[in-house]
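One structure below.
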């Protein structure tokens, strides 16, 4: 009688794909990675089209929960800092509370200043910092 299933559910019965996927994600610890991938994929919907053109998620550290956002100028970095409460609410709504524990907003990386092909002078001082 060990080879036959009764009328009730059994562990040998086929599993729905959603349940199998959830179990696989839980067994391998992929939940945070999938949440972050969803965050990056939905970034324009989270911050808006205009903000997403000038601010992109650069990295995420799963252990510390730190999301680093790189902006195209310091003015856009300040714009994102001013909308931080709304940004927190939108991120928590998309990936769940507690996944992103800290957000660091950084301006653009200054260009290299060494080498023989360097422009002399002060350069643009208002976009880096």
task: Please verify whether segment 9-32 includes one or more residues that are at pLDDT 90 or above and more than 29 Å from residue 110 (Cβ to Cβ).
output: no
query: Which of the residues spanning segment 96-110 are at negative phi and part of a loop (DSSP other than H, G, I, E, B)?
result: 97, 99, 100, 101, 107, 108, 109, 110
task: Might you let me know whether segment 31-39 holds any residue that is more than 30 Å from residue 79 (Cβ to Cβ) and without any contact (Cβ under 8 Å) to a residue 40 or more places away in the chain?
output: yes
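The values are calculated or read from the model by the stated rules, or taken from the named source; none is laboratory data. Since the model is a prediction, treat every value here as computed from it, not as a measurement. Glycine also receives a Cβ, built like all others from the backbone with ideal geometry; neighbour counts cover every protein chain displayed.
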